[in-house]
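The structure appears right after this line, and notes come after that.
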Amino acid sequence: MDAKDILGLPKNSVPQERKPRPQKDSQRKPGGISREVYALTGGLAPPKPAIDASQLKKRPPPDEKITWQWLPFTNSARKDNLQLYHWVRVVNGIPPTGDYSFAKYNKSVDIVKYTDEEYEKYLTDPVWTKEATDQLFELCQQFDLRFIVIADRFPSSWTVEELKDRYYSVARAILSARAPSPGDISGHPLVKVRYIRALFNSSLI
């Protein structure tokens, strides 16, 4: 029983002709390529590489002989003239000259220094003695203003924030005392940051 029997419709005695299905164009997979890659690309040609050929590694000329040698070196960032060894790329038997390539990364912080007269005139503090201030600045020079390490090495029980406040207040006082006019140091980071913090705190009131 079909839909026509249910609806009471007469059946067609002439059989309907089935339309032939269009045949798909079968493309044969070319050789030298996997079936998965061919299914993903659909047989299309790959796009042009985005890497410039000039950026690829160049091969050395045939007359250039390259060897690697275990040679000594010294680091100008060290003060003890320690001699170490490393592997060096040598071209045609001529080793490279110049300073150690990683010596340029040895950067130190410029610490503000003061004299005894400047301390007595601008830096006296009822809480801090001159000996404690001198020791703080020596540690700041030694550990490049890493105040967490400085607080661990400092003999007194000062907090990290207290050590920071003492160092930066002394540095600002020295800069202000040595400057011919306030405008000469208005763009200095130590003075500028203090002004920005004061402006931010006043906006919260």
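For this structure, a couple of remarks:
- Criterion: among the basic types (K, R), in contact with a strand residue (DSSP E or B) (Cβ under 8 Å, 6 or more places away or on another chain) and not assigned by TED's automatic domain parsing to the domain that holds D134 - qualifying residue of R89, R78: R89
- Options Q141, Q135: the member that is touching a Phe, Trp or Tyr at 6+ places or on another chain (Cβ under 8 Å), of a type outside the set (V, I, T), in a helix (DSSP H, G or I) and closer than 24 Å to I174 by Cα: Q135
- The requirement of being buried (at least 17 other Cβ atoms within 10 Å of the Cβ), more than 21 Å from Y119 (Cα to Cα) and at pLDDT below 95 is satisfied by F147.
- When region 77-127 is limited to residues that are basic (K, R) and in a helix (DSSP H, G or I), the one that is farthest from Y168 (Cα to Cα) turns out to be K104.
- As a summary of the residue check, A103 satisfies the conditions (1) closer than 13 Å to R166 by Cα; (2) touching a residue at least 12 places away in the same chain (Cβ under 8 Å) except for the one numbered (1).
The values are calculated or read from the model by the stated rules, or taken from the named source; none is laboratory data. Since the structure is predicted, the reported quantities are computational estimates derived from the model, not experimental observations. Because the Cβ atoms are built from the backbone with ideal geometry, glycine has one as well, and the counts that use them run over all protein chains shown.
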